[in-house]
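Written out below as C-alpha cells is the structure these notes cover.
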Amino acid sequence: MAASGTFGHPHRPALPGLEEFAGQVLHAADRRGPAPFSGRRMVVVGAGNSAVQAAAELAETVRGTLATRGPV
C-alpha cells in the first residue's frame, strides 16, 4: 500500500518492476478498512499520518511491514 500525496490527489509513483509484480498494489486513499487483507502479507510504504494509521489498523489482521526512508 502506498500512502503519498493526498486523498483528493493520491500520488501513485511509477515503480521499476511494477508491471511484473503479481501482488496487489493500492493507495491508502483506496483502502476501506483491514478486513479484505486478513491473513495476508502487506508492506505499507510511507511515514505520514495515513501510512502509520493504515499500518496500525492492519497490524491486527495481517503480517505487515511499514517501510519509510527514515524514522517515523
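Taken together, the values in this text are just the output of simple stated rules run on the coordinates, not laboratory data. Just so it is clear, the structure is predicted and the values come from calculations on it, not from any experiment. Note: ideal-geometry Cβ built from the backbone for every residue, glycine included; neighbour counts use all protein chains shown.
Quick look at the numbers
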quantity	calculated
Considering residues of region 26-43 that are among the small types (Gly, Ala, Ser) and in a helix (DSSP H, G or I) only, the residue surrounded by the most Cβ atoms within 10 Å (Cβ to Cβ)	28
Complete set of residues in region 49-69 that are small (Gly, Ala, Ser) and part of a helix (DSSP H, G or I)	50, 51, 54, 55, 56
